[in-house]
Each structure stands twice: as C-alpha cells, then as structure tokens.
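Below is one structure, written out as structure tokens; comments come after it.
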Amino acid sequence: MSLIIQNGFIVGEKHIRKADISIENGKIQTISEFPLSFTDKGLHVTEEIDAAGSFIFPGFIDAHTHFGLGGVSPTADDFFNGSLCAAYGGITTFIDFADQEKGQTLRESAESRIKSEKDAVIDFTLHQGLYTMHADIPEELSDLRSLGIRAVKLFTTYKEFGVCLDETSWDEVLSLCKDLEMLVTVHAEDDEVIEKASRNLRYTTPGPEIHALFRPAAAEYSAVRKAGNLAMKHQIPLYIVHLSSAEGLRAVRELREMGAEVIVETTPHYLFLNRKYLEGENGEGSLFLMTPPLRDIADNEVLQQALTAGEIDIVATDHCAFTRKQKSEKLDCREIPFGIPGSEELSRVIYSCGVENNRIDLVQMMHLLSAAPAKVFGMYPEKGSLLPGTDADITIFTPHDPEKISFSAHPLSLHSNSGYSVYDGFTSMGKPSVTILRGKVIIRDGNFTGHRGLGKFVPCGTPAPYRNL
Ligand code: URP
Ligand code: ZN
Ligand code: ZN
C-alpha cells in the first residue's frame, strides 16, 4: 500500500523545496521534484494527499513530556490522551521519563514505564531518572543502554521528593555515562540557592505570583554552571532541560565560551509567557505554575533572541497536565501541582510566534522540533528526517488566517484532559493538518484516524553530541 503527498513544500535541513513524497510500507520511498501521480510506474498508490500551500516537516518530536504520572495528584493526561494531544500537535514521537523505582533496577524501572506507555498513539522513547547511586549502577546503566535508552536525567533540586542526586555521586555518574556514551540531561535549579531564598521569605500563604521568589533564576545559573563545570572536567556533553531564564542562558554562554558542549532545551512557555500570568485573574494564576517558574518579560526577550541566534537547540513542552480542579485545591505555590499541558500547542505557538514573527525561519523550526531532538537522542535519521528508507513520520503544517487559540472554541478545541490551555487567546497563524506515523495517517483535518496502542518504543542509538566531540 502506498501513499503520495503532492504539491507541498518540504522543509529540509538546509532549504525548502516543492516536491512530492511517496510512501511504501511505512517508509519514505521517494522524494520527487517531478509531480508524482496515481499512474506513476512502480507505484501502487492507494491514497493521495494534496498538500498545496502547506509545509511538510519530518514528524515533530516532543523531547520532554510527563504523561501518565500517578501518585497523590495523578496527571490529567495518561499515555493515550497525552499522546493524542501530541498527535493533534503534529508530533509523531515523544520522549517521556522513567523514575528510578525503589527496589527495581534501572532496566526494570524503564521496562515497567514502557509497559505503561502501551496505550500511546504515537512512537515514544524514554529518559531514565537516576536519583541514587549504589554499587550495581555501573552494570545497570550498561543494561539500560542495551535496551536502547541512552539518556539519564539528573536533578539538582526536588530533595523533598528524593530525586536530587547527591553531590558526591555526580563524578561517578558522569564518568560512567562518558564510558557508555549516554547523554546526561539535567534539571538545573540549585536546591541550596532555593533553600536560601526560601529562608528569607515571610509569607503565610505564598501564592503562585511569588513562585519565582522561591525559585530564583540565580538557582538556574548556579546549577547550570556546576553541572557544566563537571561535564567539562569529564569532557562529556551536557543537556540542560527546560532552560527558563536569561541567567541560565548566561551560564550556558560562559560554559560554551570555555569550550563545553552544552545542548539547550527550552519550552514555548519560557519563550512567550512571563510571571504576570501567575498573578492571574480570578485566582487562575495557579494554572500557569510549573518549575522552574515563569520569569520576566526581559527573560522572554533574551531567550527569543537566543532562539533566533541558534543558541537554543531544542524546543520541547514539559507537558505535565493537571486539571483546573487539581490546580486550584491548594493556595500555597509550593503545594500546587506543578506543570502545564502544551504538546498540542507546541508547533502552533512556535510557528505563530517564531516563524510568522520573523524570529526564526521554517528550516530553524524544523531543526528545533524534528532533526535536533532526533539527532541529540540517537533516533536520527529514522526519526527527524525525510530521507528515503526511513520511517514515514510526517507532519503537514498548514498556514491559515489569524485565529485565536481557544480551549473550547470550535474548530480549534484542544484535547488535554486538563481542560485549559496556557496559550488561550494567543493568535495562531497555522496548524498541523495531517499527522502521519510510519506511513499511516493518524490525524487529518481534526479527525483522529489512528488507534490506541499504535505507538512503538523507539530504541535509541548513540546521541549525536558524542559524535561531535
Ligand atoms: O513543573 C514541571 N516542570 N513539572 C514537571 C517536572 C519537571 O521538573 O520537569
Ligand atoms: Zn524538570
Ligand atoms: Zn519535566
């Protein structure tokens, strides 16, 4: 069975060109500058898509999600619904996280997370959390690597949840990751700086509007520098997740200046939302609460300039959705479940606020959302490219007249069980109209045509930064 996509503009690694694509058995077969048609020799076309006026991207990758979290306040979007939102957003692969589960090896932790991801409608892979060191970790990491998980997540904060890796263990973990060519990714907020800032604050019930006072940008600066210094000492690449501030970026710049290989991920919310939203109308500030917190407009501007200048490598969402009810149960910003939805809005916001506002071009957008995450996490070219012979994961993105993003309005309604979007009211200038996963159309003009469990685990190879060193 084959599918052809005609008349679209393919967004490639260097430029955009008009070409047709044929897909056979889930793989890209040909990219042709000459129009393909039903009658072309050698093609047994069963379906045609006319992509005139649209841009064709390698399926987007959301490199940072938290779907299906359990616990006292479970996330609103499980693996089915979270991945459905992502699919509507033109995403064909997401990367979620496995906790280091007590009493389980790293491989067992990852395997049980993979099992719970079985309902996903798009492909997925994992980053593995590493929270405590013990004698078996070297062997466990190597075993994890053979499963195709090549990135670990380390925390410099969240001591209260038991995930902050002890400072004395960092050297050993980094050295092991270097030997195994595994990517070290870091949530960079220095708990010492946070504790110090919190000690000086006197509030009976600190609301969301002062969240940033508890978790200042200085904490991000400090953690990025500390992790970066260690990465330099071990001569390994370092991946910073959800960079939120100008201070954090300053630390990245200093490290890069000294020769460090730092890969930077940020999110649409740190680019385009600021702490004014935490003040919220009608007590809705909590809907915008995540960690690190939203910063100032000046931080948005610095990160936007960095995006334009190519200093940011990946834009992901950190989709971690809670319902309005969950968000409004507590008033203290330290107790409100932290996290927001965003996978569905990712490409729409980056296109509308990035490409349409001339901050980036379409090729940059393709790198930020497709090629770079695939390369960095060892999935390229199978994912993140439109090369013949690779998975036919394709997003057809269609510009449109200005429309307001609105959670409830038809036809722009969104699918997160959270019941809201932090981008409500943003002007959208385009959206994914067709999402294709391994040759199968799963979203077309607002309709889901895939099914629960269609997604597959993607084993990762060597992260590209290890090849650049
Ligand atoms: O608020 C957030 N970001 N929630 C998810 C957990 C994390 O730190 O990424
Ligand atoms: Zn984090
Ligand atoms: Zn996260």
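Numbers at a glance
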{"read-out": "Net dipole in debye of the chain [+1 Lys, Arg Cβ; -1 Asp, Glu Cβ; about Cα centre; nearest 20]", "value": "260"}
{"read-out": "The chain: relative contact order as a whole-number percent, Cα under 8 Å and 6+ apart", "value": "21"}
{"read-out": "On Cα atoms only, tilt of 217-234 relative to the major axis of the chain in degrees", "value": "80"}
{"read-out": "Local electrostatic count, Glu257, Cβ distance below 15 Å [Lys/Arg +1, Asp/Glu -1]", "value": "+1"}
{"read-out": "Neighbour cut-off at most 10 other Cβ (10 Å), DSSP loop, GluC sites (Glu not before Pro), the stretch 249-354", "value": "Glu281"}
{"read-out": "Dipole of the chain, positive end: most advanced residue of Met232, Leu273, Tyr131 [Cβ charges, Cα centre]", "value": "Leu273"}
{"read-out": "Where trypsin sites (Lys or Arg not before Pro) fall in DSSP loop in the stretch 195-266, at most 15 other Cβ within 10 Å", "value": "Arg202"}
{"read-out": "Crossing angle, helix 170-180 versus the chain [Cα axis fit, 0-90 degrees, rounded to tens]", "value": "30"}
{"read-out": "Lys, Arg +1 and Asp, Glu -1 on Cβ, resulting dipole of the stretch 1-89 about Cα centre, debye, nearest 20", "value": "240"}
{"read-out": "Estimated FRET transfer efficiency (Phe38, Arg253; beta-carbon r; R0 51 Å; 0.05)", "value": "0.45"}
{"read-out": "Cα coordinate range in the stretch 2-161, projected on the principal axes (Å, largest first)", "value": "62, 33, 29"}
{"read-out": "Net length gained if the chain between Gln305 and Met133 were fully extended (0.36 nm per residue, minus Cα distance)", "value": "58.1 nm"}
{"read-out": "Residue-count net charge about Glu279 - beta-carbon cut-off 13 Å; Lys, Arg +1, Asp, Glu -1", "value": "-2"}
{"read-out": "Listed residue (Ala372, Ala19, Ser328) projecting farthest to the positive dipole end of the chain, Cβ model", "value": "Ala19"}
{"read-out": "Neighbour net charge for Phe80 - beta-carbon separation under 11 angstrom, K R +1, D E -1", "value": "-2"}
{"read-out": "Cα-centred dipole magnitude for the stretch 96-184, charges only on beta-carbon of K, R (+1) and D, E (-1), debye, nearest 20", "value": "200"}
{"read-out": "Rounded to whole Hz, the Karplus (6.51, -1.76, 1.60) HN-Hα couplings of the stretch 292-298, x for glycine and proline", "value": "x, x, 4, 10, 8, 4, 4"}
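Read-outs throughout are calculated quantities, based only on the coordinates presented, and are distinct from any laboratory measurement. None of these values were measured; they are calculated from a predicted model. Positions of Cβ are generated from backbone atoms using ideal geometry, with glycine treated the same way; all protein chains shown enter the neighbour counts.
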